[in-house]
Amino acid sequence: MSLSSDLMCILQDPSLSDIKIKGNDGEEINAHRLILVARSEVFKRMLLSEMKESTQDVIEFQEFSSKALQVIVEFFYTGKVSKKTLKPEIVFEALCCADYFLLGVLMLHIIRFVKNNMEDKMNILSKILSRILESSCRELANIICDLIDLVSLKSIDYHNLSSKALEYILLYNQEEETNMFSLSSGYDLFRYITCWAASEISEEVLAFYELYLPSSETVRILDSSDTQKWDRNIPFKEELHIKYRSEIVTKTSTLLNYVNLEVIHPLVFSNELIKDLVDSNILTEVYRKQALLAGNYFSMLKNAFKWKVKRYRQLDNPFIFDSQSNTHEWVRTKFPFSGQDIVEWDIVVERMCKSFWVGICADNGFNVNNNSWLGQHSYGWVLGSNGFICHHKKDKDPFKNKYGQKFNEKSRITVRLNMGERTCSFTIDGTRYPIAFRDLPDEVYPAVSLMLPGVARIEPLFGRT
């Protein structure tokens, strides 16, 4: 047996206990003074000083339940936490408890547990981030922000984010340029921040702005054509808007500095409601930048095709991804495509690997796993070097959907994405093939799935000379 197993046996034997830890629910946990002193600076100060706890046989913590305290005690004895002890319903309280006892390693364990085991992980992670920033634990905050991108932000309930947490996410993602192109991080981000500010005031104000702010879909349609109709004067309860708009502006002005509002369609700011919700100085700067961007659209659009990799990885060329995995991994671009547009790009096989896949993926609403083959997932639509197409394929199923010719090193695969029809088709080395996938989500990313020694280069098909 291991030392941790032996210590767990000691913990579970009440006859050897010389102290008890009591939660706010009245339940008591058997423990041992020597272990608590050796494993915790907080308990060391309590038990080896003149504090009242040093003479008590039962130490009570009114801040935490016995279930949360059990997580702490198990970690003291074994250096880890079991799923039997750390359950989803107590995960946030357990995090707060670990923070109280200054257990940074345990906090990291809990964050990983949330990432790997919880469906509603974004809301839990946002609550954890809000808590962590109260104690200025920037290392753990950065780990959480690696898991929360600006697309995922839309799935987080407003009340789960403090103002510090929301600002930290925006600042953290700013270095990744994730608010440069997509409407998901342009108008959608503006709308999210505004509704978050409204939720800070009251449920009534939140309901009002959620109803009267133009929907994301309306803006996506606007973005595809300047001739689309746009209601400049959406009717609203003027007295409620007048009462709260200055408070909304105060709460959002700092946050909007992290959003590139100039990439939003100019007609959006002709909406009187929206104009009222943006500080006049910010709005003036938006108009100026939009004028400057008019001649640099293709340069800005090209940034959408940069590969998004983990922060510990640095690509020599942001448009070339070289796999570093002996098994399958996949990578997507930084920005999604949506709306009604037709978008095309080439994937060039710079270096071939055993199995090379090209296509698209979704991200929003999925618990994605980048260390896997993209074609096996419900969020992946890919064409393989074997000429087959796959979507949500089970491991043991044979390849069934033969689509086109095989491709090899130096092959060029053109991906054609028609967001208006929600379809995707491919051209392999100049031979164009019919539609491969239909009924796609309203927001998808270019993606590749490969392994060592595979290398993929992405080239957008616009603005070429």
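The values are calculated or read from the model by the stated rules, or taken from the named source; none is laboratory data. Computed from a predicted model, the values in this text were never measured in an experiment. Every residue, glycine as well, gets a Cβ built from its backbone with ideal geometry; the counts of neighbours run over all protein chains shown.
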- prompt: Out of region 341-374, which residues are within 21 Å of the chain's Cα centre (by Cα), touching a residue at least 12 places away in the same chain (Cβ under 8 Å) and not in a strand (DSSP E or B)?
  reply: Ala362, Asp363, Asn364, Gly365, Phe366, Asn367, Asn370, Asn371, Ser372, Trp373, Leu374
query: In region 404-463, what count of residues is obtained for those that are surrounded by fewer than 18 Cβ atoms within 10 Å (Cβ to Cβ), in a strand (DSSP E or B) and either in contact with a strand residue (DSSP E or B) (Cβ under 9 Å, 6 or more places away or on another chain) or not assigned by TED's automatic domain parsing to the domain that holds Cys353 (or both)?
result: 9
- line: Given (1) modelled with pLDDT under 90; (2) in the same structural domain as Phe269 (by TED's automatic domain parsing), Ile201 misses just (1)
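Among residues belonging to region 191-205 that are closer than 20 Å to Asp279 by Cα and out of contact with any Phe, Trp or Tyr (no Cβ under 7 Å at 6 or more places or on another chain), point out the one that is surrounded by the most Cβ atoms within 10 Å (Cβ to Cβ).
Narrowing region 191-205 to residues closer than 20 Å to Asp279 by Cα: 191-201, 205.
Applying the additional criterion that residues be out of contact with any Phe, Trp or Tyr (no Cβ under 7 Å at 6 or more places or on another chain) yields 191-193, 197, 200.
Values: Arg191: 20, Tyr192: 22, Ile193: 23, Ala197: 25, Glu200: 17.
For region 191-205, the residue satisfying everything is Ala197.
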message: Looking at Val73, Val81, Val91 in this structure, which one is part of a loop (DSSP other than H, G, I, E, B) and surrounded by 15 or more Cβ atoms within 10 Å (Cβ to Cβ)?
response: Val81
query: Conditions: (1) in contact with a Lys or Arg (Cβ under 8 Å, 6 or more places away or on another chain); (2) free of Cβ contacts under 8 Å to residues at least 24 places away in the same chain; (3) closer than 20 Å to Leu452 by Cβ. Leu315 meets all but one. Number of the miss?
result: (1)
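Quick check on region 58-66. Is at least one of its residues touching a helix residue (DSSP H, G or I) at 6+ places or on another chain (Cβ under 8 Å), more than 20 Å from Asn30 (Cα to Cα) and buried (at least 19 other Cβ atoms within 10 Å of the Cβ)? Even if it seems obvious, please write down each step before you answer.
Step one: of region 58-66, the residues touching a helix residue (DSSP H, G or I) at 6+ places or on another chain (Cβ under 8 Å) are 59, 61, 63-65.
The next check asks that each one be more than 20 Å from Asn30 (Cα to Cα); those that pass are none.
No, that holds for no residue.
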task: Tell me which residues, restricted to region 1-41, are assigned to a helix (DSSP H, G or I), within 16 Å of Gln70 (Cα to Cα) and among the aliphatic types (A, V, I, L, M).
output: Leu7, Met8, Ile10, Leu11, Ile35, Leu36
message: Going through Lys302, Lys306, Lys310 one at a time, which residue ends up being surrounded by 14 or more Cβ atoms within 10 Å (Cβ to Cβ) and modelled with pLDDT under 85?
response: Lys302
